[in-house]
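The values are calculated or read from the model by the stated rules, or taken from the named source; none is laboratory data. As the structure is a computational prediction, the values presented were derived from the model and not from experiment. Every residue, glycine as well, gets a Cβ built from its backbone with ideal geometry; the counts of neighbours run over all protein chains shown. Keep in mind that these areas ignore ligands, DNA and RNA; they rest on the heavy atoms of the full protein, side chains included. Shrake-Rupley method; radii C 1.70, N 1.55, O 1.52, S 1.80 Å.
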Amino acid sequence: MRRGPADIDCELMVIGAGMAGVAAALFAAKRGIDCLLVGVKQGLYFASGLLDLMAVHPIGEGRLWTNPWRAIEALVRDCPKHPYALLDPTDMKTALSDFIAFLGQAGLSYHAEPERNVMIPTALGTLKPTYAVPATMLNGVRAFEEKAECLIVDFHGLKGFSARQIVETMKPAWPGLRSHQVHFPHPSAGQEGFAAGAVELYPEISAGWLENSEARARLAEAVRPHVETAEVIGMPAVLGLRRSEEVFRALEEQLERPLFEIPIMPPAVAGLRLSNLFGEALPRLGVRVLFQHPVLGVDHANGSGFTFEVGHEPARLKVRARAAVLAGGRFLGGGLYADRRRVVEPLFGLPVRQLADRRRWHRKSYLDPRGHPINQFGLETDEYLRPLQADGHPAHARLFAAGSILAHQDWMRMKCGSSLAITTAYAAVQALEQLR
């Protein structure tokens, strides 16, 4: 086959730019594997920024675990087909440690307690168990544990976040809460420097605007008269986009109080921060990226690797890869597709573990605490995370899968999504290295 001018050759092609995809590309680059990342970036836009490991098991009982590693031990005993059962706990800890260290080196610090989940306040006024939190959210964990007197601040025009709702919902468990709403220093503001009450605030625009020192000063000026006896101040997670830690520290100094961010509803700024970080950091590590380029099909797959069709008409290009990691997620990311009869993996046509009877895909109650069976549909793999054919053999010697596309897990209810992505991505890259 004649090679075109835009063709690409690589050792590993990672398909998907969500958490599993960027983690696989990161771990491949750290091992010196020539890697190309192809995918649509929107997956991280819906990320909360929290790195869950394992918090709920069994999900039907809603049992919360303080120690995520003990929860995983129980899960593996009870659900031996869960992807975590394929992983070595030491490798999982290494994967998470390396990932969190990389984030910190790239300017987005995280805090994790090795043997403990922490409880973080949310925009719904609930407490969410998680393993690792951005440094800008950590004071909220500590303030709740200490029941510190706290002021929750929100902004006129910011939808999906109500300081009053948070206070009213959490007050029985956290008596020292109170709320206040202020006008936000916005680009469309008048002479006073604040947006009118009718102006709708978009989280990503507001976060970028706070990287302006004058905007930060105006915000601090608006909040300062209402601090009073508050020991700590909570705000929606819009304190900066690419320089969030700089914005956070500056506001702490101006308000002379510890601050914490509260995760907001998607599309979330904390997820955008991760997306921006990987979009800039991965190329510096030597990863080639083709964001917003769909993978249209597999032209050829044999013992020597794959040939993919990538891009948009008429500017398609061919990618030749010796190995591939499927990390495109489930239905939202396009890794799986469902019609009225079945669920399919659309790229390779791999078998999807599912219930044959369509009527059994969902339970009668949308909020059934056991979750819906469809949530655990996905690809089954061998111990190297290679997807299996119907006969139980690997579909290809160097085709791997990572993240939520894997079967036998309900990451949302189990509270294990981010770490499922990170640890299985690590295991897939490690397996590639072993099978080279």
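Looking at the stretch 282-297, which of its residues are in contact with a strand residue (DSSP E or B) (Cβ under 6 Å, 6 or more places away or on another chain), part of a loop (DSSP other than H, G, I, E, B) and either free of Cβ contacts under 8 Å to residues at least 12 places away in the same chain or open to solvent by less than 50 Å² (accessible area, probe 1.4 Å) (or both)?
Across the stretch 282-297, the qualifying residue is only V287.
Working only within the stretch 62-86, note down all residues that are open to solvent by 10 Å² or more (accessible area, probe 1.4 Å), over 27 Å from A135 (Cβ atoms) and in contact (Cβ under 8 Å) with a residue 12 or more places away in the chain.
Keep residues of the stretch 62-86 that are open to solvent by 10 Å² or more (accessible area, probe 1.4 Å), which gives 62-67, 69-70, 72-73, 76-81, 85-86.
Remaining after also requiring over 27 Å from A135 (Cβ atoms): 62-63, 73, 76-81, 85-86.
Result: G62, D78, C79, K81, L86.
For the list (1) under 28 Å from E61 (Cβ atoms); (2) in contact with a strand residue (DSSP E or B) (Cβ under 6 Å, 6 or more places away or on another chain), I need the number of the one condition that L385 fails.
Every condition holds for L385 apart from (1).
Sort through E73, E61 and tell me the only one that's of a type in the set (D, E, K, R) and assigned to a loop (DSSP other than H, G, I, E, B).
E61
Residue-wise test of (1) part of a loop (DSSP other than H, G, I, E, B); (2) in contact with a Gly (Cβ under 6 Å, 6 or more places away or on another chain); (3) among the aliphatic types (A, V, I, L, M); (4) more than 24 Å from M119 (Cα to Cα).
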site: L239; (1), (2), (3), (4): yes, no, yes, no
site: E246; (1), (2), (3), (4): no, no, no, yes
site: R257; (1), (2), (3), (4): yes, no, no, no
site: E261; (1), (2), (3), (4): no, no, no, no
site: L274; (1), (2), (3), (4): no, no, yes, no
site: E280; (1), (2), (3), (4): no, no, no, yes
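Any idea how many residues of the stretch 115-130 are touching a residue at least 60 places away in the same chain (Cβ under 8 Å), open to solvent by less than 20 Å² (accessible area, probe 1.4 Å) and in contact with a Ser or Thr (Cβ under 7 Å, 6 or more places away or on another chain)?
2
Taking the conditions exactly as written (out of contact with any helix residue (DSSP H, G or I) (no Cβ under 9 Å at 6 or more places or on another chain), more than 14 Å from L50 (Cα to Cα) and in the same structural domain as V56 (by TED's automatic domain parsing)), does A143 satisfy them or not?
no
Can you work out which of the residues in the stretch 327-343 that are closer than 23 Å to V38 by Cβ and surrounded by fewer than 16 Cβ atoms within 10 Å (Cβ to Cβ) is modelled with the highest pLDDT?
Once the filter is applied, the top-ranked residue is Y337.
Do you know which of the residues in the stretch 396-424 that are on the phi > 0 side of the Ramachandran plot and either more than 17 Å from the chain's Cα centre (by Cα) or of a type in the set (G, A, S) (or both) is most open to solvent (accessible area, probe 1.4 Å)?
So, considering only residues that are on the phi > 0 side of the Ramachandran plot and either more than 17 Å from the chain's Cα centre (by Cα) or of a type in the set (G, A, S) (or both), the one most open to solvent (accessible area, probe 1.4 Å) is H408.
Based on this model, can you work out whether L138 counts as under 19 Å from the mean Cα position of the chain (by Cα), outside the structural domain of G49 (by TED's automatic domain parsing) and either open to solvent by 50 Å² or more (accessible area, probe 1.4 Å) or of a type in the set (S, T, Y) (or both)?
no
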